[in-house]
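One structure is given below, encoded as structure tokens.
The values are calculated or read from the model by the stated rules, or taken from the named source; none is laboratory data. The structure presented is a predicted model; accordingly, all values stated were derived computationally and were not measured. Cβ coordinates were reconstructed from backbone atoms using ideal geometry, including for glycine residues, and neighbour counts include every protein chain displayed.
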Amino acid sequence: ETKPHIVLLGAGYAGMMTTKKLLQKLSAQDADITLVNKHNYHYQTTWLHEVAAGTIDVNRSRIMISDVIDSNRVHIIQDTVLKIDKDNKKVELSNSELTYDYLVISLGFEKASFGISGMDEHAFSIQDVNQSRLIRDHIEYQFAKYQNDVENRDESMLTIIVGGAGFTGIEFCGELAERIPELCKKYDIPRNQVRIINVEGMDSILPGFDPELAEYAEQSLRTRGIEFRLGTFIKEVKEGSIIVGEGEEIRAGTFIWTGGVQANRLVGEAGFELTKGKVNVDNTLRPAGYEDIFILGDCSWVLDKETAIPYPPTAQLAIQEADTCAHNIHTLIFGGTLQEFKYDNKGTVASLGGRDAMGTVFDGRKLYGIQAKVMKNVIDDRYLFMLGGPKLVLKKGKFRPF
Ligand code: FAD
């Protein structure tokens with residue numbers, strides 16, 4: 001008798017937690033489980049702005065998959081998914097092909113360029129560990145180059161433009177506010193020669209966030225030297241500059257786009273029905289017509305049944321979906337009742353660099369400064385605990401707000 005084969009694509013928040021939950025629910029006799037990921041490590045996507053700014057070490061943000069997932073129970077394949085063939089129940093990888101009985105797609109997000117000319121070629125994006133590390137090194141290289149070649153130097157090398165004032169853009173600016181003074185010291189450059197400019201098309205930062213919290217964030221960042229160009233649309237990205245508004249050119253050594261993300265393009269290419277680039281799934285987290293496929297995290301579009309508003313694409317959502325997904329796969333194998341996903345919003349906290357942060361907690365209460373920062377650390381450590389227990393919290397956790 002053959003066992004069902006469960007294949008999970010992507011070891012991000014959704015993929016890792018679903019694998020963990022499946023291991024709790026199923027024994028080795030019940031099913032074979034395969035987890036495919038581009039790298040042999042899992043990373044904390046929510047810390048990547050810190051990696052990109054250089055305020056935490058790369059290795060702090062990543063965890064070897066085999067350190068937290070039992071490789072005797074799960075076949076871990078390090079490879080890149082190239083194609084999902086949903087009608088033949090096959091997945092094409094760079095080096096092999098897999099067939100499945102149940103498929104979990106949790107391949108996360110990628111940069112959305114919205115057709116802005118030059119965005120694909122000239123913009124960095126805080127997307128994965130490798131890109132984030134490249135941003136960190138690129139910024140530092142600009143400082144080194146500026147100081148090394150006095151004759152050809154150009155102050156715009158020291159300008160960093162962050163496109164977008166959403167959650168990621170604002171958190172990243174907060175880290176830059178901490179990091180840039182350190183780089184100035186290291187390369188003997190006065191802080192006032194460095195510009196950090198946030199360019200946002202809307203008239204205020206953090207659209208959708210509580211206005212009082214957004215105002216607090218803006219003040220905190222302005223005080224620490226971040227310039228804002230609100231109500232300013234980016235028209236084009238070139239090497240060494242961007243064009244905004246009616247044709248104004250702003251020169252910069254570094255441009256990072258945080259203004260938009262979309263689902264991994266593989267889900268669109270697979271032919272699933274999409275809304276805003278994400279796959280429509282029902283409350284059991286499956287796309288219509290494909291009972292054996294679950295699509296989680298930033299790849300899917302799930303509506304709150306009561307309000308018909310889609311849930312926000314967050315790590316928190318991806319982690320919670322894992323429970324429902326694992327439960328439902330168990331149900332499909334052994335029978336029972338399928339679970340409907342219901343999001344439990346535990347609040348959102350944005351870090352603003354150093355000791356500063358702001359956000360809301362589960363009861364809607366607003367937190368600012370150190371208090372918010374402590375809460376942010378609690379959220380991060382809680383996830384590490386779920387993933388790897390106390391050992392992982394001790395190794396990678398965040399304990400002090402500074
Ligand atoms: P991911 O965690 O992105 O994982 C996708 C995985 O798939 C990765 O391991 C990747 O390597 C792998 N993969 C991708 N393509 C392939 C391929 N072709 N083949 C094989 N493997 C592949 N959310 C919050 O709730 N709170 C926050 O404070 C917060 N802060 C954020 C800060 C930043 C800087 C960013 C960028 C995002 C933040 N988010 C936050 C959003 C959150 O990170 C995402 O919603 C979350 O990562 C989605 O999880 P996921 O499992 O869908 O995908």
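Ile56 - would you say it is over 16 Å from Val91 (Cβ atoms), more than 9 Å from the ligand (Cβ to nearest atom), touching a Phe, Trp or Tyr at 6+ places or on another chain (Cβ under 8 Å) and modelled with pLDDT of 95 or more? Steps first, answer last, please.
Values: over 16 Å from Val91 (Cβ atoms): yes; more than 9 Å from the ligand (Cβ to nearest atom): yes; touching a Phe, Trp or Tyr at 6+ places or on another chain (Cβ under 8 Å): yes; modelled with pLDDT of 95 or more: yes.
Taking the combined requirement at face value, the residue satisfies it.
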Pairs, first closer than 21 Å to Gly12 by Cβ in the range 95-119, second outside any strand (DSSP E or B) and more than 16 Å from the ligand (Cβ to nearest atom), C-beta under 7 Å, six or more apart: Tyr100/Lys89; Tyr102/Pro4; Tyr102/Asp292; Tyr102/Ile329; Tyr102/Leu332; Leu103/Asp292
Selection count where residues are in a helix (DSSP H, G or I), touching a residue at least 40 places away in the same chain (Cβ under 8 Å) and not aliphatic (A, V, I, L, M), scope the range 364-402: 4
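When residues of the range 183-197 are filtered for being over 13 Å from Arg136 (Cα atoms) and in a helix (DSSP H, G or I), how many remain? Steps first, answer last, please.
In the first step, residues of the range 183-197 are kept if they are over 13 Å from Arg136 (Cα atoms); the result is 184-197.
Filter once more, so that each one left must be in a helix (DSSP H, G or I): 184-186, 191-193.
So the answer is 6.
Could you list, in sequence order, the residues of the range 333-353 that are among the polar types (S, T, N, Q), within 16 Å of the ligand (Cβ to nearest atom) and at pLDDT 95 or above? If you could, list the steps in order and put the result at the bottom.
Taking the range 333-353 as the starting set, the residues that turn out to be among the polar types (S, T, N, Q) are 337, 339, 345, 348, 351.
Now narrow it down to the ones that are within 16 Å of the ligand (Cβ to nearest atom): 345, 348, 351.
Result: Ser351, single match.
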Cβ-Cβ under 7 Å pairs, at least 6 apart or on other chains, the range 205-220 side small (Gly, Ala, Ser), far side assigned to a helix (DSSP H, G or I): Ala217/Ile170
Which listed residue, of Thr360, Thr331, Thr324, is outside the structural domain of Gln219 (by TED's automatic domain parsing), surrounded by fewer than 19 Cβ atoms within 10 Å (Cβ to Cβ) and over 18 Å from the mean Cα position of the chain (by Cα): Thr331
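Scan the range 10-23 residue by residue and report those that are closer than 23 Å to Thr314 by Cβ and assigned to a helix (DSSP H, G or I). Show your work before the answer.
Let us first name the residues in the range 10-23 that are closer than 23 Å to Thr314 by Cβ, namely 10-22.
Result: Tyr13, Ala14, Gly15, Met16, Met17, Thr18, Thr19, Lys20, Lys21, Leu22.
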Residue list for the range 239-258, restricted to those being away from the ligand (no atom under 16 Å from the Cβ) and not in a strand (DSSP E or B): Glu239, Gly240, Gly245, Glu246, Gly247, Ala252, Gly253
Scope the range 39-59; condition more than 17 Å from Ser351 (Cα to Cα) and part of a helix (DSSP H, G or I); matching residues: Val58, Asn59
Residues of the range 217-247 that turn out to be charged (D, E, K, R) and either touching a Lys or Arg at 6+ places or on another chain (Cβ under 7 Å) or not assigned by TED's automatic domain parsing to the domain that holds Gly164 (or both), as a count: 1
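Could you please find all residues in the range 269-293 being outside any loop (DSSP other than H, G, I, E, B) and surrounded by 16 or more Cβ atoms within 10 Å (Cβ to Cβ)?
If we filter the range 269-293 for residues that are outside any loop (DSSP other than H, G, I, E, B), which is where we start, we get 269, 274-275, 278-280, 293.
Result: Leu274, Lys278, Val279, Asn280, Ile293.
Taking the range 92-148 as the search range and keeping residues that are of a type in the set (D, E, K, R) and touching a strand residue (DSSP E or B) at 6+ places or on another chain (Cβ under 9 Å), which one is farthest from Val58 (Cα to Cα)?
Initially, the range 92-148 is screened for residues of a type in the set (D, E, K, R), giving 92, 97, 101, 110-111, 120-121, 128, 133, 136-137, 140, 145.
Then drop every residue that is not touching a strand residue (DSSP E or B) at 6+ places or on another chain (Cβ under 9 Å), which leaves 92, 97, 101, 110-111, 120-121, 128.
Details: Glu92: 30, Glu97: 31, Asp101: 36, Glu110: 20, Lys111: 21, Asp120: 24, Glu121: 24, Asp128: 11 Å.
Going through the qualifying residues, I end up with Asp101.
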Number of the exception - Val51 against (1) in contact with a Gly (Cβ under 8 Å, 6 or more places away or on another chain); (2) under 30 Å from Glu175 (Cα atoms): (1)
Flag for Gly336 being free of Cβ contacts under 8 Å to residues at least 24 places away in the same chain and either assigned to a loop (DSSP other than H, G, I, E, B) or of a type outside the set (Asp, Glu) (or both): yes
Of residues in the range 60-89 being among the basic types (Lys, Arg) and assigned to a loop (DSSP other than H, G, I, E, B), the one surrounded by the fewest Cβ atoms within 10 Å (Cβ to Cβ): Arg73
